[in-house]
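Worksheet for the structure shown next.
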Amino acid sequence: MIRLDAWLTLPSGESVKAGTLVVADPDNVRGVLPGQFRYAPEYLENPKAFPLDPLHLPLSVDIFDADRPSAGVHGVFEDSLPDDWGRRLLVRRYKLGRKDQRIPQLLRLIGNQGLGALSYVEKGRPDFKTTGVPLRHLQELALLAEKFEQDGVVDDDELSLLFQAGSSPGGARPKALIKDKSGAYLAKFASTRDQLDVVGLEAAAMELGRRAGIETADSRLLALGSRKCLLVKRFDINEAGGRNHLVSMQSLLKADGYYYAGYRDMAEVIRHVSALPARDLHKLYRQMVFNAMIGNTDDHLKNFLMLHNDEGWRLSPAFDLVPNIGFNREHVLRIGYDNRPPDLETLLQEAGHFGLKRRQQAKEVVMEIHEAVLEWPAIFTANKVPAKDAESIGRNISQRLEKCSR
């Protein structure tokens with residue numbers, strides 16, 4: 001059995017014990033992990049307390065069953081963990097066998113190094129500090145990430161800096177947590193498997209998003225010799241050094257494994273959860289239209305977060321905006337009734353689900369985004385995307401822009 005206390009760092013920087021996770025050992029037949037969560041009495045009495053998951057973990061003295069047999073914990077806690085890249089580093093750092101790579105064991109190891117406001121300890125208080133390594137080590141980290149990704153045959157002492165900087169970022173691509181006097185950042189590096197300049201393309205897409213009126217995470221492109229790195233400012237850490245709690249749309253929709261979901265489903269969550277639902281619904285509609293126009297088909301539910309700060313629950317800034325760099329022309333999420341690239345009529349028909357009741361209002365939003373995305377050639381050039389990559393990706397963007405305008 002694993003017992004972990006979950007601590008929450010508030011936007012003020014104050015840290016409080018939020019509750020306790022208990023996960024039984026897996027059964028010998030199916031490997032099912034029974035797990036439960038209970039809020040700490042002192043947290044329930046705290047005037048600053050809020051539900052860690054506003055849909056599935058309301059503030060209550062009740063014991064909440066996880067009902068997730070493969071994970072043993074509620075989705076909001078798994079949101080603290082990295083995906084492929086960070087988990088590979090955790091497995092290597094702690095020499096984990098397959099049976100030691102279950103979610104509760106990983107939470108115990110991630111401790112206070114995860115993204116978001118939650119930390120996990122078996123007893124006592126976590127050592128609260130900002131994660132990441134100084135910006136001056138960025139080029140060294142890029143080289144270590146490349147070496148680790150290529151063959152993994154690297155001495156542990158040599159990897160210590162990468163362990164410190166890279167155990168919590170999500171996604172499959174190489175990343176590291178960086179900090180300097182201006183704040184904390186997620187550094188995104190090129191992958192050895194890249195066939196295109198993915199870093200430059202993402203930097204360009206983030207800039208296009210800002211021009212299209214999308215509220216994006218602050219980002220900037222850096223040159224590391226012949227390599228590139230995209231720095232994305234973390235929105236889970238505020239200016240005062242406190243934390244903003246995060247929960248993914250995947251957790252809020254309880255969409256484990258293979259799921260069939262759409263932007264409308266996220267809109268329903270926003271209606272029930274957001275402190276400013278009208279504003280967040282319009283934000284989500286803009287992002288949906290933008291994703292359709294640039295061909296961001298990797299628009300899965302982990303790439304949409306609800307953030308809790310002093311204002312309450314809000315849709316987080318957009319991140320992971322990348323044009324389609326593979327062969328998947330269909331979106332992960334449905335736009336309307338299917339996952340195919342939408343036309344103008346589909347985008348206008350969908351607008352009502354996001355609070356845009358007048359067709360003309362929706363058309364003005366679509367055309368505004370269309371005009372911004374038309375600037376892709378200049379933005380690709382400014383971000384030094386190679387001509388062959390710009391031609392390949394730009395062809396797809398142009399086709400989508402044409403479809404979205406008729």
*Would you call residue 288 crowded, with 20+ Cβ neighbours inside 10 Å, over 20 Å from residue 230 (Cα atoms) and not aromatic (Phe, Trp, Tyr)?*
yes
_Among (1) without any contact (Cβ under 8 Å) to a residue 40 or more places away in the chain; (2) in contact with a strand residue (DSSP E or B) (Cβ under 6 Å, 6 or more places away or on another chain); (3) of a type outside the set (D, E, K, R) - the single one residue 305 does not satisfy_ = (1)
*Six or more apart or on different chains, Cβ under 9 Å: which pairs go from a residue in segment 160-177 that's farther than 20 Å from residue 233 by Cβ to one that's modelled with pLDDT under 80? Could you list them?*
162/154; 163/156
*Between residues in segment 353-371 that are more than 22 Å from residue 268 (Cβ to Cβ) and residues that are of a type in the set (Phe, Trp, Tyr) and in a helix (DSSP H, G or I), which pairs lie under 8 Å by C-beta distance while being six or more apart or on different chains?*
369/290
*Cβ-Cβ below 9 Å, separation at least six or inter-chain, first residue in segment 38-55 and over 18 Å from residue 9 (Cβ atoms), second surrounded by 14 or more Cβ atoms within 10 Å (Cβ to Cβ) and charged (D, E, K, R): which pairs?*
55/254
_Being more than 24 Å from residue 274 (Cβ to Cβ) and under 17 Å from the mean Cα position of the chain (by Cα) is the filter here; which residues of segment 304-347 pass it?_
322, 323
*Give me the pairs, please: first residue somewhere in segment 97-126 and at positive phi, second residue anywhere and polar (S, T, N, Q), beta-carbon distance under 8 Å, and either six or more positions apart or on two chains.*
111/119; 116/80; 116/244
*Would it be correct to say that residue 92 is surrounded by 15 or more Cβ atoms within 10 Å (Cβ to Cβ), farther than 20 Å from residue 236 by Cβ, modelled with pLDDT under 90 and not small (Gly, Ala, Ser)?*
yes
*Filtering segment 189-212 down to residues that are β-branched (Val, Ile, Thr) and part of a helix (DSSP H, G or I), which residue is farthest from residue 119 (Cα to Cα)?*
198
*Which pairs do you get when a residue that is closer than 22 Å to residue 282 by Cα, found in segment 202-226, comes within reach of a residue that is of a type in the set (S, T, N, Q) and surrounded by 17 or more Cβ atoms within 10 Å (Cβ to Cβ), reach meaning Cβ atoms under 6 angstrom, with the pair 6+ apart or on two chains?*
206/216; 206/219; 209/216; 210/216; 214/287
*Index of the failed condition, residue 342 passing every other in (1) farther than 22 Å from residue 190 by Cβ; (2) surrounded by fewer than 20 Cβ atoms within 10 Å (Cβ to Cβ)*: (2)
*If you go through segment 25-46 one residue at a time, how many are in contact with a Ser or Thr (Cβ under 8 Å, 6 or more places away or on another chain) and assigned to a strand (DSSP E or B)?*
3
*asked:* Quick check on residue 186: is it more than 26 Å from residue 119 (Cα to Cα), aliphatic (A, V, I, L, M) and either modelled with pLDDT of 95 or more or surrounded by 17 or more Cβ atoms within 10 Å (Cβ to Cβ) (or both)?
replied: no
*With the condition kept exactly as written, say whether any residue in segment 301-311 is surrounded by fewer than 21 Cβ atoms within 10 Å (Cβ to Cβ) and at positive phi.*
no
*Being among the hydrophobic types (A, V, I, L, M, F, W, C) and either in contact (Cβ under 8 Å) with a residue 12 or more places away in the chain or assigned by TED's automatic domain parsing to the domain that holds residue 226 (or both) is the filter here, so list the residues in segment 378-406 that pass it.*
379, 380, 382, 385, 390, 393, 397, 401, 404
*Are any residues in segment 238-264 free of Cβ contacts under 8 Å to residues at least 60 places away in the same chain and either closer than 20 Å to residue 51 by Cα or surrounded by 16 or more Cβ atoms within 10 Å (Cβ to Cβ) (or both), and if so, which ones?*
249, 253, 255
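The values are calculated or read from the model by the stated rules, or taken from the named source; none is laboratory data. Predicted, not measured: the structure shown is a model, and the values here were computed from it. Every residue, glycine among them, receives a Cβ derived from its backbone with ideal geometry; neighbour counts consider all protein chains shown.
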